[in-house]
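Values quoted throughout were computed directly from the atomic coordinates according to the rules given, and no laboratory measurement underlies them. None of the values given here were measured: they were computed from a predicted structure. Reconstructed Cβ throughout: ideal geometry from the backbone, glycine too, with neighbour counts over all protein chains shown.
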């Protein structure tokens, strides 16, 4: 099971690095999605798989303020989230960004909010697609409990192709992660249950025991 932990903007700098080190202790194979500003340090000091939380599409070097594929590659990151519900993009930008990321050997986890988006965007062939219902994000109400049937359809949609099916939104326990696997997902995105927790050791310890 692939575990992706999105730090969002809950922690930065030293706090982000400290959390990454804690994650490394429990889940050395996890992917952490962090601010591009923190990516290099976390990649260097923890050797975790680091993804950015967002990547921009921009042509040419005159692209002030954009985090491009070239820039991200230099941080040591292996890829990026894209089209998260808190940073939505239009279809054309998604298509161009995935293409550019592939040219730089960066993996894209493309977030979708429903089955319709999953069906449309699978043709862009990202490394993974994460089904996340925006209404459940940060609620503690797991998508595995409230959108189980949709998750089954989502997994079936990707069957037979190389895109990895992931899910997220409200994932906050070992049971949620286990249920995601039973529904056919190959991994989960977790955020507030770890990155905004006063005691992340608890859930990290529980997840680490999943076989």
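Our Cα-only numbers for the range 7-65 put the radius of gyration and Dmax at 12.8, 42 Å.
With neighbours defined as other Cβ atoms within 10 Å of a residue's Cβ, the residues 84, 12, 54 order from fewest to most as 12, 54, 84.
For the range 42-134, the spread of Cα positions along the three principal axes, ordered from largest to smallest, is 37, 32, 22 Å.
Extending 7 Å from Cα along the Cβ direction at residue 145 and again at residue 196 yields two label points whose distance is 1.7 nm. Along each principal axis, taking the top coordinate minus the bottom one, the Cα set of the range 130-211 gives 40, 30, 18 Å in descending order.
The protection proxy used here, the mean number of other Cβ atoms lying within 10 Å of each residue, ranks peptides 127-133, 57-63 as follows, highest first: 127-133, 57-63. For the range 163-211 versus the range 72-93, the spacing of their alpha-carbon centroids is 21 Å.
If you compute semi-axes √(5λ) of the Cα gyration tensor in Å for the structure shown, which of [x] 24, 23, 14; [y] 28, 22, 15; [z] 36, 24, 14 do you land on? Structure-derived value, by its label: [x]. GNM, the chain, Cα, under 10 Å: largest mean-square fluctuation among 124, 154, 66? Residue with maximal mean-square fluctuation among 124, 154, 66: 66. Taken over the C-alpha atoms, the range 115-175 has Rg and Dmax values of 11.7, 33 angstrom. Distance from the Cα centroid of the range 108-150 to that of the range 43-58 is 21 Å (rounded to whole angstrom).
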